[in-house]
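Each remark here refers to the structure printed beneath this line.
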Amino acid sequence: MYQTAQKNRLLAFLEQHSREQFSAAELSAALGGTVGESTVYRLVDTLTGEGVLKAFPRRNGRGYLYQYH
């Protein structure tokens, strides 16, 4: 798995909050703007495909919530 500073920050946050679920927008905000929202979307897509994250459909049917797996 290719590692970037942004990916490492995201993974560190998710590992620390492994029992919680977040939208991509919430993840970007939680990282204090150090990882842009579009980058978070790309990373969660990649990490979900790699089995690192689980994606759960939101109750309103719009988007997903992600959780460290």
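Sum -39500 (n - 2.57) across every DSSP H segment of at least 4 residues in the chain, then divide by the residue count to get the 222 nm mean residue ellipticity, nearest 500.
-14000 deg cm²/dmol
How about the chain: which GluC sites (Glu not before Pro) there are in a DSSP loop, with at most 11 other Cβ atoms within 10 Å of their Cβ?
Counting only loop positions with at most 11 other Cβ atoms within 10 Å, the GluC sites (Glu not before Pro) in the chain are E50.
I need the chymotrypsin sites (Phe, Trp or Tyr not before Pro) found in the stretch 1-68, filtered to DSSP loop residues with at most 14 other beta carbons within 10 Å of theirs.
Y2
Choose one of G63, G49, A24: the residue whose Cα lies farthest towards the positive end of the charge dipole of the chain (beta-carbon charges +1 Lys, Arg; -1 Asp, Glu; about the Cα centre).
G63
How tilted is helix 5-16 with respect to the longest principal axis of the chain? Cα atoms for both, answer in degrees (0 to 90, nearest 10).
50
Of (i) 13.1, 40; (ii) 13.3, 45; (iii) 11.0, 33, which is the value of Rg and Dmax of the Cα atoms in Å derived from the coordinates here?
(iii)
Take the Cα of T48, step 7 Å along the line toward its Cβ, and report every residue of the stretch 14-34 whose backbone nitrogen sits under 14 Å from that point.
21-27
Compute the helix-to-body angle for 37-49: its Cα long axis versus the longest principal axis of the chain, expressed 0 to 90° and rounded to tens.
It is inclined by approximately 80 degrees.
Short version: ³J(HN,Hα) in whole Hz for each residue of the stretch 52-59, in order, from phi by Karplus 6.51 cos²θ - 1.76 cosθ + 1.60 (θ = phi - 60°), x for Gly and Pro, what are they?
Karplus-based 3J(HN,Hα) across the stretch 52-59 equals 7, 10, 9, 10, 10, x, 5, 4 Hz.
Of the heavy-atom accessible surface of the chain (probe 1.4 angstrom), what whole percent is carbon and sulfur?
The C+S portion of the solvent-accessible surface of the chain is 47 percent.
Counting trypsin sites (Lys or Arg not before Pro) as exposed when in a DSSP loop with at most 10 other beta carbons within 10 Å, what is the longest stretch of the chain free of them?
20-58
The values are calculated or read from the model by the stated rules, or taken from the named source; none is laboratory data. Note that the coordinates shown come from a computational prediction; the quantities given were computed from them, not determined experimentally. Virtual Cβ from ideal backbone geometry, glycine too; neighbours counted across all protein chains shown. Surface accessibility is based on the protein's heavy atoms, side chains included, excluding ligands, DNA and RNA. Shrake-Rupley method; radii C 1.70, N 1.55, O 1.52, S 1.80 Å.
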